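**Q** Starting off with a structure, shown below.
The values are calculated or read from the model by the stated rules, or taken from the named source; none is laboratory data. In this text, all values refer to a predicted model and were calculated from it rather than measured experimentally. Counting neighbours? That spans all protein chains shown, and the Cβs are built from the backbone with ideal geometry, glycine included.
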Amino acid sequence: MSAATLPVMGSSVPRDTLTIFNRAMRLSLRNPAWVVIGLSQPILYIVLFGPLLKPLSGSLGAAGNAYQIFVPGILIQVGMFGALFVGFGLIAEWRAGVIESQRVTPASRTALLLGRVLRDVVVLVVQSVLLVLVSLLFGLRAPLAGVVLTLVVVALLGAALSAVSYALALTLKSEDAFAPLLNAVVFPILLLSGILLPMSLAPGWLQTISDVNPFKHIVEGARAFFAGNYSTSTAWWGLGLTLALVLLGWWFGVRRFKRESS
């Protein structure tokens, strides 16, 4: 079976999804450099920036452990950046004719997207686990349940943004258009989400602007999980927004893949 094609004898979403997932994962394992590069930046944040927050633990409301504030934000950043930039790979596949080869098979169009998204989620979860382990060496203290819930949020967020990235890549079909669009959207969202520092430290006008950013509430929800505050509205509001993004991202992604195949 060619790496660019799917079995032609019958079709089912689970089987086709697994085929696409296996192919995508093999490609990642053959060229793991981008995975390592994607993980190195947040680890550098932990190593170089994290210690600077220790004197601010009290003002950050971290009960003496600034990493409870810093690490959840970095995990959400990994989910955002790791997922939003996967579309570049799809543009390369489209240019090489891989998408066209898969499109003419009876494979489920949903599986063409789902298999790729599952690969991205697996990579993000592995990166996030490694990041947490490194943070433990630097003094992170967080409940296991809170860490697990945050990893679930990262996985869901990655699935949502990965689907959006693939849909945008199929729409634009050009790195020259895709890159500026991501830069124009991602960095304002990043700065207004309080990933590096809580928005509670910002002036009032900036907090008001950031309140309309759903990623701010997702970050705050992850921090609530890391603090063990499972019953607060902040924690579950963040999770709820993440689920909403999954539904919207999945709808957009599947719709675009089906339109491309029509």
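**Q** Looking at SER108 and the list (1) more than 15 Å from THR19 (Cβ to Cβ); (2) buried (at least 20 other Cβ atoms within 10 Å of the Cβ), which single condition is not satisfied?
**A** The one condition SER108 does not meet is (1).
**Q** What pairs can you find where one residue is in the range 154-169 and closer than 18 Å to LEU131 by Cβ and touching a residue at least 12 places away in the same chain (Cβ under 8 Å), the other is of a type in the set (Ser, Thr, Tyr) and surrounded by 24 or more Cβ atoms within 10 Å (Cβ to Cβ), and their Cβ atoms are less than 7 Å apart, with a gap of 6+ or different chains?
**A** Here the result reads VAL154/SER128; LEU156/THR242; LEU157/THR242, each pair linking the range 154-169 to a residue that is of a type in the set (Ser, Thr, Tyr) and surrounded by 24 or more Cβ atoms within 10 Å (Cβ to Cβ).
**Q** On to the next question. From SER135, SER128, which residue is touching a Gly at 6+ places or on another chain (Cβ under 9 Å), free of Cβ contacts under 8 Å to residues at least 60 places away in the same chain, part of a helix (DSSP H, G or I) and closer than 21 Å to ALA66 by Cβ?
**A** Result: SER128 is the single residue among SER135, SER128 that is touching a Gly at 6+ places or on another chain (Cβ under 9 Å), free of Cβ contacts under 8 Å to residues at least 60 places away in the same chain, part of a helix (DSSP H, G or I) and closer than 21 Å to ALA66 by Cβ.
**Q** List the helices (runs of 4 or more DSSP H) inside the range 186-262, counting only whole elements, that have at least 3 residues being of a type in the set (Phe, Trp, Tyr).
**A** Helices (runs of 4 or more DSSP H) meeting the threshold: 214-226, 233-261.
**Q** Looking for whichever is surrounded by fewer than 24 Cβ atoms within 10 Å (Cβ to Cβ) and modelled with pLDDT of 90 or more here; the options are PHE225, PHE252. Which one fits?
**A** The match here is PHE252.
**Q** Go over the candidates PRO203, PRO198 one by one and state the one that is farther than 17 Å from ALA83 by Cα and either surrounded by 15 or more Cβ atoms within 10 Å (Cβ to Cβ) or of a type in the set (Phe, Trp, Tyr) (or both).
**A** PRO198
**Q** Which condition breaks for SER200 when tested against (1) under 29 Å from PHE49 (Cβ atoms); (2) hydroxyl-bearing (Ser, Thr, Tyr); (3) modelled with pLDDT of 90 or more?
**A** (3)
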